[in-house]
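Here the structure is laid out as structure tokens; the discussion comes afterwards.
The values are calculated or read from the model by the stated rules, or taken from the named source; none is laboratory data. For clarity, every value in this text was computed on a predicted model and none was experimentally measured. All Cβ positions, even for glycine, are placed from backbone atoms using ideal geometry, and neighbour counts span all protein chains on display. Quick note on the areas: whole protein, heavy atoms, side chains included, nothing else; ligands and nucleic acids left out. Shrake-Rupley method; radii C 1.70, N 1.55, O 1.52, S 1.80 Å.
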Amino acid sequence: MVKFCFLIEIFLFILLIKNQELTIGIDPKDSQHYLPKKTFNCLDGNGEIPYSYINDDYCDCLDGSDEPGTNACSNGKFFCHNEGLDPKKIPSSRVNDGYCDCCSGEDEYNSGVECINTCSSEHLIKKTKNEKKEKLRKKGSNKREQMINEIDDLFLNIDEEIEKSEGKLEIQKMKKEKLKQRKTQILVYKKQLPKLIENYCNLLLNKTKIKKIEKKNTCLLKKKDLLNCKNDLEMLIKSKFDDPKRSLKKIKKQFQEIGKKKKVIDQKLNRIKKIQDLDLGEHFEFSYWFEKCFEYNSDKYTYKFCPFDKVEQKEKKGKSFNLGKFKSKKWKTKKLSHRAKRWMLFDNGDRCNNGPKRSTKIKLLCGYSEKIVSIKETSTCVYEMRFQSPLMCF
């Protein structure tokens, strides 16, 4: 009886070992699919095989789900439990390849390689790194709040600023219209003045008695001819009334002043409307980047990043290229709290020789200062830039 019980224990132990071999490399969330039974259904639903075929070093399922613990399937995944550290999945091709991919070394269970369990030390390193990141995030977040508090009122009252600027623009238009009318009157007056003077002098010459018009600057027709009368009368009119030439010169200057004021107002209005079309964040915090540019120097080039405009690359000798224009439709600030979506996209830049138009992806990072961290060409004329700012410290 004792011998019989002993044999049963050995059998159960062997069965347990065998089951562990069958289920090695399985993601715990899929474990219910690998419970011992007669058959196993491939996880993609495209096949049914005997349960004993699991981890038999032969790929039976198209999705590789029957070989989670071997390297038989090219598309299989091996689950590293990594106790004490974050679990992860690795390609099945790395199982028993002589290199320790799991910090626990569980992927090399049958390769003969003795892996040192580094989960605890890696956890400590990761913890220290995360603490530093969190410290930086808090410091950057405080800076972010400070920047938000310093935002220009222009960005906070866009509609009001547009209304003010449009009102000022209308005033300048009205002034310009009045000047046009005044100019027309003066030109008519200037054209008619010589004839009026001549008619007046002729009228005086026809009189038998002529009296002095003024004590000075008189037109004494007894002693002067018609020409002198005209000259004297013109001088008299100019001394008592506006000289047409002087008036026109004054109006020209006023036109120029109105033009300058109108240009300034137009520029401000265009700037405000451009701001209105941008997603600058819930607190308008990204207005800090509006009309700003940041530079980065490498051995061969100087790069310029203008957040809501463009990215440029300039050679040391002077030739420059546009690496992309801002793609505003892809810029959604509500998504920036998700690390995977912290990007700015720039496309439709200068075309490469026999290639595509240049484009750049900007990876936005949390940092206490605002600067370009790095830039690289990931493929032909496609660039990736890393830029840090307190505004990204959520």
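Determine the alpha carbon to alpha carbon distance for each of LYS274/LYS304; LYS132/LYS317; LYS129/LYS274; LYS138/LYS300; LYS126/LYS371; LYS132/LYS371 and list only those over 30 Å.
Working: LYS274/LYS304 21 Å; LYS132/LYS317 41 Å; LYS129/LYS274 41 Å; LYS138/LYS300 36 Å; LYS126/LYS371 25 Å; LYS132/LYS371 19 Å.
Over 30 Å apart, Cα to Cα: LYS132/LYS317; LYS129/LYS274; LYS138/LYS300.
Suppose R0 equals 30 Å; then what is the FRET efficiency for ASP57 and SER120 from their Cβ-Cβ distance, rounded to the nearest 0.05?
On the way: r = 32 Å, r/R0 = 1.06.
So the FRET efficiency works out to roughly 0.40.
What order do LEU85, LEU35 take when sorted by accessible area (1.4 Å probe), most exposed first? Working shown, then result.
Numbers: LEU85 35, LEU35 100 Å².
Order by accessible area, largest first: LEU35, LEU85.
Evaluate E = 1/(1 + (r/R0)^6) for GLU134 and LEU35, where r is the Cβ-Cβ distance and R0 equals 35 Å; express this FRET efficiency to the nearest 0.05. Walk me through the numbers on the way to the answer.
Numbers: r = 41 Å, r/R0 = 1.17.
So, using R0 = 35 Å, E works out to roughly 0.30.
Can you order the peptides 359-368, 128-137 by their average number of other Cβ atoms within 10 Å per residue, highest first?
Numbers: 359-368: 19.3, 128-137: 11.7.
The most tightly packed comes first, giving 359-368, 128-137.
Between LEU187 and ASP299, what's the calculated FRET efficiency when r is the beta-carbon distance and R0 is 41 Å? Round to 0.05. Could the numbers behind the result be given before it?
Working: r = 65 Å, r/R0 = 1.60.
The computed FRET efficiency comes out at 0.05.
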